[in-house]
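Input: one structure, supplied below.
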Amino acid sequence: MEKNILLKIAYDGSGFHGWQRQPDRPTVQGTLEKLLSKLIKSDVTLNGTSRTDAGVHALGQCASFRADVRIPVQRLAMVMNNTLASYEKGPFALSPVRILSAEEKPDDFHARFDSRGKKYIYRLNTGGINVFRRNYVYHVAEPLDLEAMRRAAEYITGTHDFKCFEASGSDIRENTVRTVHSLEILEDDISGDIQIHVSGDGFLYNMVRIITGTLVDVGRGRITPDSLEDIILSQDRGKAGHTAPPYGLYLAEVYY
């Protein structure tokens with residue numbers, strides 16, 4: 001009997017070419033579909049909530065699939081994690097992907113279409129390059145004015161047409177209006193990181209990375225905080241800041 005199952009997934013995106021399956025490149029979706037198809041002995045298609053780019057990480061990606069799963073759902077995460085670990089070389093090697101949970105959902109549930117919003121975290125560090133963290137944080141080579149960045153963030157919070165924060169060359173969308181519920185700039189006293197926490201009902205392609213790059217340019221003094229209002233109203237990508245690199249970005253949570 002078919003079941004509709006929701007997986008919650010964490011992954012280190014530095015070794016993957018993003019979430020979405022590609023024929024000749026390692027992706028998170030492709031890896032998990034291959035694993036599930038082997039375990040279940042039938043083809044499985046995962047419906048992910050977010051198609052994260054190459055280098056982007058996840059603390060709480062979600063994906064659903066329908067299949068005749070004979071493995072008890074409460075044991076599925078453990079079985080998948082054990083199998084993922086077996087793919088790695090060496091007795092102490094860990095998989096870059098981990099299934100955090102698996103749960104059965106109603107027949108009409110869909111991980112992407114039933115999502116009501118997402119939260120992302122972007123990590124910055126201005127304390128000098130740490131070679132061991134090069135794939136996990138954006139190293140900015142100068143101090144940032146956090147108060148100026150927080151003033152700029154106030155203009156971004158709320159419901160706006162965010163076309164100025166959509167990557168150039170993206171597929172044309174009829175509607176680029178989104179709601180940013182919260183945008184916080186926090187300091188981590190332990191790591192020294194600056195963390196940008198942003199949650200909203202949905203995000204345009206590269207929107208969080210462009211927001212981050214714009215806030216960094218504000219922190220550097222290249223863009224004034226009060227100019228954010230005009231930048232958003234302009235709907236002009238060229239007036240916003242740079243696109244921050246993918247490796248500082250984490251999909252933190254999906255809301256249902």
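The values are calculated or read from the model by the stated rules, or taken from the named source; none is laboratory data. In this text the structure is predicted, and so the values were computed from the model without any measurement. Note: ideal-geometry Cβ built from the backbone for every residue, glycine included; neighbour counts use all protein chains shown. What goes into the accessible areas is simple: the full protein's heavy atoms, side chains included, and nothing from ligands, DNA or RNA. Shrake-Rupley method; radii C 1.70, N 1.55, O 1.52, S 1.80 Å.
Angle between the Cα long axis of helix 146-156 and the longest principal axis of the chain, 0 to 90 degrees, nearest 10?
It is inclined by approximately 70 degrees.
Can I ask one more? Relative to a virtual label point 7 Å from the Cα of ASP114 in the Cα→beta-carbon direction, which members of the stretch 23-57 show backbone nitrogen distances below 18 Å?
Only 45-50 fall inside the zone, counting backbone N under 18 Å.
Using alpha carbons only, what's the Rg to Rh ratio of the stretch 162-205 with Rh from Kirkwood?
1.13
Quote the charge dipole size of the stretch 1-137 about the Cα centre in Debye, to the nearest 20; the model charges only the Cβ of Lys and Arg (+1) and of Asp and Glu (-1).
Magnitude of the dipole: close to 380 debye.
Normalising by the residue count of the stretch 1-61, find the relative contact order in percent from Cα pairs under 8 Å and 6+ residues apart.
Relative contact order, the stretch 1-61: 45 percent.
Sticking with this structure for a sec: Considering only LYS89, LYS239, LYS38, give the residue with the highest GNM mean-square fluctuation for the chain, with springs between Cα atoms whenever their separation is below 10 Å.
With Cα springs under 10 Å in the chain, the top fluctuation among LYS89, LYS239, LYS38 is at LYS89.
Can you give the charge dipole size of the stretch 67-152 about its Cα centre, rounded to the nearest 20 debye, using +1 on the beta carbon of Lys and Arg and -1 on the beta carbon of Asp and Glu?
I would put it at about 240 debye.
Further question on the same structure: Which of SER50, SER199, SER37 moves the most in a Gaussian network model of the chain with Cα springs under 10 Å?
Top of the fluctuation ranking is SER37.
Let me ask something else about it. Could you work out the relative contact order of the chain? I mean the mean sequence separation of Cα pairs under 8 Å and 6+ apart, divided by the number of residues, in percent.
24
Per residue, how much accessible area does the stretch 41-123 have with a 1.4 Å probe, in Å²?
Roughly 56 Å² per residue, with all protein chains present.
Still on this model: Compute the relative contact order of the stretch 115-256 as a whole-number percentage, counting only Cα pairs closer than 8 Å that sit 6 or more residues apart in sequence.
39
Same structure again: Check the chain and count each lysine pair with an alpha-carbon distance under 19 angstrom, considering only pairs eight or more places apart or from different chains.
Eligible lysine pairs with Cα atoms under 19 Å apart amount to 11.
In what sequence, largest accessible area first, do ASP189, ASP53, ASP114 appear using a 1.4 Å probe?
These residues rank, largest area first, as ASP189, ASP114, ASP53.
Kindly express, to the nearest 10 degrees and within the range 0 to 90, the angle between helix 73-86's C-alpha long axis and the longest C-alpha principal axis of the chain.
Rounded to the nearest ten degrees, it is 80.
Could you work out the Kirkwood radius for the stretch 69-176, taking every pair of different alpha carbons, averaging 1/r and inverting it, reported in Å?
Roughly 19.5 Å, rounded to one decimal.
A further question follows. Ignoring ligands, DNA and RNA, what percent of the 1.4 Å accessible area of the chain is carbon and sulfur?
Within the chain, the accessible surface is 48 percent carbon and sulfur.
Can you compute the FRET efficiency between THR83 and GLU154 using 1/(1 + (r/R0)^6), with r the Cβ-Cβ distance and R0 = 41 Å? Round to the nearest 0.05.
Efficiency, rounded to the nearest 0.05: 0.30.
Using unit Cβ charges (K, R positive; D, E negative) and no other charged atoms, how large, in debye to the nearest 20, is the dipole of the chain about its Cα centre?
Roughly 960 debye, rounded to the nearest 20.
List the GluC sites (Glu not before Pro) in the stretch 92-180 that DSSP assigns to loop (not H, G, I, E or B) and whose Cβ has at most 13 other Cβ atoms within 10 Å. Which are they?
Those that pass, being in a loop and sparsely packed, are GLU174.
Could you rank HIS17, HIS242, HIS57 by how accessible they are, 1.4 Å probe, largest area first?
So, going from the largest accessible area down, we get HIS17, HIS242, HIS57.
Measure nothing fancy, just the Cα-based angle from helix 28-40's long axis to the longest principal axis of the chain, in degrees from 0 to 90, nearest 10.
That helix lies at roughly 10 degrees to the long axis.
Could you run the Debye sum over the Cα atoms of the chain, one equal point scatterer each and no solvent, and tell me log10 of I(q)/I(0) at q = 0.12, 0.13 Å⁻¹, two decimals?
-0.75, -0.86
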